[in-house]
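A.B. asks: One structure follows; several queries about it will come next.
The values are calculated or read from the model by the stated rules, or taken from the named source; none is laboratory data. Please read these numbers as outputs of a predicted model, since none were measured by experiment. Neighbour counts are summed over all protein chains in view; Cβ atoms, including those assigned to glycine, are modelled from backbone coordinates with ideal geometry.
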């Protein structure tokens, strides 16, 4: 991760532009520029796509602060206890897989599909994760490469 002052300055300007909208999710051109700048900064792709995909203004502010002062950002994340333990991640991933399996079974059992129709329909690849665990757990699983955030609160399993 690089803390290039020009990237941070451009991100600050884009952040101000996004906050200028009544609904920050409508600033699609600005979010595209933010995505490109965050990629140049060398941040993990999963973290970038989670924040930009969800149009998370507060998360973007935290990323900009982390780019501004990388040591302070790492210390703040450690102080918050943001990273869940391995056992919690393992149980959450198991619950995610179970929900995905049940969602696929539910989709396959629909009456609207004809048994002789071509293709037979598609099964869902991404789902909303169980609400039993906080967002930090799902973000940790994205950073570990076990899940992929596709935006709007939907996650999918990565290919093994």
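A.B. asks: Looking for something assigned to a loop (DSSP other than H, G, I, E, B), surrounded by fewer than 15 Cβ atoms within 10 Å (Cβ to Cβ), under 14 Å from the mean Cα position of the chain (by Cα) and not assigned by TED's automatic domain parsing to the domain that holds residue 140 - is there at least one such residue anywhere in region 36-47?
C.D. replies: Yes, there is a match, as at least one residue in region 36-47 is assigned to a loop (DSSP other than H, G, I, E, B), surrounded by fewer than 15 Cβ atoms within 10 Å (Cβ to Cβ), under 14 Å from the mean Cα position of the chain (by Cα) and not assigned by TED's automatic domain parsing to the domain that holds residue 140.
A.B. asks: Could you check region 14-25 and list, in sequence order, the residues that are in a helix (DSSP H, G or I) and surrounded by fewer than 12 Cβ atoms within 10 Å (Cβ to Cβ)?
C.D. replies: The answer is 16, and nothing else.
A.B. asks: Here is a follow-up. Mind checking which residues of region 111-139 are modelled with pLDDT under 80 and within 30 Å of the chain's Cα centre (by Cα)?
C.D. replies: Within region 111-139, 121, 122, 123, 124 meet the criteria.
A.B. asks: Here's another thing I want to ask about it. Do you know which residues across region 70-104 are in contact with a helix residue (DSSP H, G or I) (Cβ under 7 Å, 6 or more places away or on another chain) and either modelled with pLDDT under 75 or loosely packed, with under 12 Cβ neighbours inside 10 Å (or both)?
C.D. replies: Within region 70-104, 73, 82 meet the criteria.
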